[in-house]
Amino acid sequence: MPELPEVEITRRHLADAIDGRRFMDVSVRHPRTARHNGGDPAVVEQRLQGRKAGNVARHGKFLVVPLDGGMTMVAHLGMSGRFRIDDGLGPEAPHTHFVSKMDDGSVVSFIDPRTFGFVAVFDEVELESTGLARLGPDAWETPPSVSDLAVVLRGRKAPIKALLLDQGPIAGLGNIYADEALFLAGIDPRTPGGELTEDQLEGLLTAIRLVLAGAIEKGGTSLDDLAYLLPDGRAGENLTSLQVYGRAGEPCFRCGEIIDKVVIRARSSHFCPGCQHG
């Protein structure tokens with residue numbers, strides 16, 4: 001599933017295409033794509049048609065586009081979604097579930113084979129009741145301070161890996177980058193969040209920043225299933241930089257111990273027993 005780096009890369013491409021431009025000839029082809037507007041494609045089409053996009057933003061894994069008239073477009077890539085920006089003259093990609101021509105003639109498409117992603121348009125009241133309202137500070141744009149994170153985690157008995165995936169303490173991390181950041185910080189993913197010292201939290205926040213920066217620089221992580229692709233259709237090149245994720249049974253590049261995989265709150269977690277012992 002695309003995580004913060006992949007969504008940030010998408011945000012940058014999308015911003016170049018739609019910032020300050022109007023949505024024209026909007027077409028939503030799948031009810032699941034419109035499920036956060038009642039599953040009615042016509043609602044998304046009518047609310048978006050003719051509206052001017054402000055600066056494309058992102059919070060965690062969500063793309064957020066302010067529109068004129070007090071409306072907001074929110075999109076999530078889900079498991080396999082990607083936005084494509086082109087001149088609309090070539091063949092349409094399979095599994096294209098959203099298309100809009102912009103007022104400069106460019107075409108923005110949302111391609112989503114597994115239909116776990118969505119495009120929605122909310123008014124101000126509706127926006128307050130969405131999942132955006134419960135997200136913690138963005139891991140890339142507005143990461144929490146060490147002291148603020150310590151307060152949020154105080155007394156929490158849940159494993160730190162589960163808390164990172166919860167999106168409440170900090171937003172944007174999924175399985176891949178949570179595993180990678182915990183490895184870089186030397187923290188066992190099973191450690192209760194409330195037991196981490198401020199030194200460990202400082203190391204974790206630094207590790208998160210480094211892991212995200214590296215992934216963004218390399219275009220994100222496309223796994224073997226190619227569920228995530230860049231907006232231009234290329235694969236992200238961060239896969240070869242992963243230290244623990246997807247490497248269960250292989251030796252650690254740093255210490256030689258065998259990478260282990262455990263299930264934490266129904267999610268797989270990869271870690272090095274030699275490097276992550278506290």
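The values are calculated or read from the model by the stated rules, or taken from the named source; none is laboratory data. Everything quoted here is computed from the prediction, not taken from an experiment. As a convention, Cβ positions derive from the backbone with ideal geometry for all residues, glycine included, and neighbour counts pool all protein chains shown.
Before moving on, here are some points about what is shown:
- Checklist (1) at pLDDT below 95; (2) within 25 Å of the chain's Cα centre (by Cα); (3) not charged (D, E, K, R) applied to GLY278, failing item: (2)
- Assessment of segment 250-259 against the conditions (under 20 Å from the mean Cα position of the chain (by Cα) and either charged (D, E, K, R) or closer than 14 Å to PRO5 by Cα (or both)) yields no matching residue.
Conditions tested, residue by residue: (1) within 30 Å of GLY69 (Cα to Cα); (2) charged (D, E, K, R); (3) assigned by TED's automatic domain parsing to the domain that holds ARG11; (4) out of contact with any Asp or Glu (no Cβ under 6 Å at 6 or more places or on another chain).
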site: THR130; (1), (2), (3), (4): yes, no, yes, yes
site: ASP199; (1), (2), (3), (4): no, yes, no, yes
site: GLU202; (1), (2), (3), (4): no, yes, no, yes
site: THR206; (1), (2), (3), (4): no, no, no, yes
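- Restricted to segment 135-153, and to residues there that are among the hydrophobic types (A, V, I, L, M, F, W, C) and part of a loop (DSSP other than H, G, I, E, B), the residue that is surrounded by the fewest Cβ atoms within 10 Å (Cβ to Cβ) is LEU135.
- Within segment 180-227, tally of residues that are of a type in the set (D, E, K, R), more than 25 Å from VAL7 (Cα to Cα) and in contact (Cβ under 8 Å) with a residue 60 or more places away in the chain: 2
- From the options ARG209, ARG156, residue that is surrounded by fewer than 20 Cβ atoms within 10 Å (Cβ to Cβ), charged (D, E, K, R) and under 22 Å from LEU242 (Cα atoms): ARG209
- Matching entry among LEU132, LEU89 (being out of contact with any Pro (no Cβ under 9 Å at 6 or more places or on another chain), in a helix (DSSP H, G or I) and surrounded by fewer than 17 Cβ atoms within 10 Å (Cβ to Cβ)): LEU132
- Every residue from segment 54-70 that is without any contact (Cβ under 8 Å) to a residue 24 or more places away in the chain and over 15 Å from GLU128 (Cα atoms): ASP68, GLY69
- Filtering segment 50-68 to residues that are surrounded by 19 or more Cβ atoms within 10 Å (Cβ to Cβ) and not in a strand (DSSP E or B) leaves ARG51, VAL56, GLY60, LYS61.
- Selection count, segment 173-227, where residues are hydroxyl-bearing (Ser, Thr, Tyr) and touching a helix residue (DSSP H, G or I) at 6+ places or on another chain (Cβ under 7 Å): 4
- Residues that are farther than 16 Å from PRO31 by Cα, among the β-branched types (Val, Ile, Thr) and in contact with a Ser or Thr (Cβ under 8 Å, 6 or more places away or on another chain), drawn from segment 99-157: VAL107, VAL108
- Number of positions in segment 240-256 that are farther than 25 Å from LEU163 by Cβ and either outside the structural domain of LYS157 (by TED's automatic domain parsing) or part of a loop (DSSP other than H, G, I, E, B) (or both): 5
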